[in-house]
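First up is the structure itself, then whatever we jot down about it.
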Amino acid sequence: MNLKGAKIVVTGASSGIGKEVLERLKAYDCTIVATSRTIEETAEAKVAESDAAKSSVAEPNLSDPNRENIYYKNFDLSEKSDIDKLFDYALEKMGSIDLFIANAGFMYYETIYPADFEHIDQIFRLNTTGVIYSAVKMKEICKENPYNFVAVSSGFGFLSYPGYALYCSTKAALRGFGQGYKYELLPNQHYQSVYPIAVKTDFFRKAGCDAPPKPQQSAEHVAKTIIRGIEKNQAEIYPSKSFWFLKTFFPYLLNLGVLMEKGKFRKKLK
Ligand SMILES: NC(=O)c1ccc[n+]([C@@H]2O[C@H](COP(=O)([O-])OP(=O)(O)OC[C@H]3O[C@@H](n4cnc5c(N)ncnc54)[C@H](OP(=O)(O)O)[C@@H]3O)[C@@H](O)[C@H]2O)c1
């Protein structure tokens, strides 16, 4: 798709990969709704808010070449009501949506015990159910018009590492959904799945894992690959070429990583 002037929603835009994607989209003169649970508290949002307050007009001046058409808004996307509100907000601000980047997500690093329905449901709601719901809402809104929907899955959607069973299952489910759902779309509508390997963000630390799997890529590199993939309408986007090569031709070699993690996880269990 042509990103120039596109109307875009980016979720999980307050940190990590989403923040880097947002940074890079600024070069395309797009209008963007950037969201997370806390994005209104970020420095960028505060600057945008004070610029808007200084302006004499309520809406941004579209002819101002220096304007930043970015709306920062907090939503908790594990709640259906907030996903609905995000779509309403984006349509109110932009009139339509050409591209939805479903990037928000989190992980647990854990042994899953005892049985806790809420705990399981919580991660699926954000990482899987909310993304699928948003993909179908995009179709509902865009009808037969062209659009792109990007779902940030994970290399963990292909193989499950010890300690990440629930997280990996949310991303594997997303992969399964994408593989089938793309056939329900018209040729000018694109469902795109992203499969990063470990990325240097706060993601693992937030999950209580202080030694994330290796190798790791930078969020900048992943964001660049995502944007290139969107421009080329790629159905599958792999920021790590080596991962793509291994999973395509030598998938059994990927199990070496699982074996290395097994030792680490056993130590954690003790
Ligand atoms: N880092 C990795 O190694 C890696 C590898 C493969 C795939 N991924 C995937 O890449 C995506 C981004 O990860 P990242 O590394 O950039 O992680 P990150 O830095 O932790 O960013 C996660 C983003 O999601 C938002 N978020 C979390 N819970 C939310 C909720 N309930 N509602 C709305 N927003 C929420 C966070 O903001 P708030 O806290 O403000 O809500 C934040 O902006 C995730 O889907 C992740 O599964 C990451």
Going by what's in this entry, would residue 189 be described as over 24 Å from residue 140 (Cβ atoms) and either more than 10 Å from the ligand (Cβ to nearest atom) or without any contact (Cβ under 8 Å) to a residue 24 or more places away in the chain (or both)? no
Do any residues in region 94-113 that are among the aromatic types (Phe, Trp, Tyr) have Cβ atoms under 7 Å from those of residues that are away from the ligand (no atom under 16 Å from the Cβ) and at pLDDT 95 or above, where the two are at least six apart or on different chains, and which pairs are they? 100/138
Quick one: in region 28-52, which of the residues that are touching a helix residue (DSSP H, G or I) at 6+ places or on another chain (Cβ under 9 Å) and part of a helix (DSSP H, G or I) is nearest to the ligand (Cβ to nearest atom)? 39
Please verify whether residue 137 is touching a helix residue (DSSP H, G or I) at 6+ places or on another chain (Cβ under 9 Å), modelled with pLDDT of 95 or more, more than 21 Å from residue 14 (Cα to Cα) and basic (Lys, Arg), treating the condition exactly as stated. yes
Among the listed residues 181, 167, identify the single one that is assigned to a helix (DSSP H, G or I), in contact with a helix residue (DSSP H, G or I) (Cβ under 7 Å, 6 or more places away or on another chain), more than 15 Å from the ligand (Cβ to nearest atom) and touching a residue at least 40 places away in the same chain (Cβ under 8 Å). 181
Starting from residues that are of a type outside the set (Lys, Arg) and free of Cβ contacts under 8 Å to residues at least 60 places away in the same chain, keep the ones in region 252-268 and report whichever is nearest to the ligand (Cβ to nearest atom). 260
Considering only region 135-143, I want to know if a residue exists there that is away from the ligand (no atom under 12 Å from the Cβ), under 17 Å from the mean Cα position of the chain (by Cα) and within 25 Å of residue 239 (Cβ to Cβ). yes
Which residues, counting only those in region 1-19, are surrounded by 15 or more Cβ atoms within 10 Å (Cβ to Cβ) and more than 8 Å from the ligand (Cβ to nearest atom)? 1, 3, 6, 7, 8, 9, 10
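The values are calculated or read from the model by the stated rules, or taken from the named source; none is laboratory data. Owing to the predicted nature of the structure, the values given are computational and were not obtained by experimental measurement. Quick reminder, even Gly has a Cβ in these numbers, built from the backbone with ideal geometry, and neighbours come from all protein chains shown.
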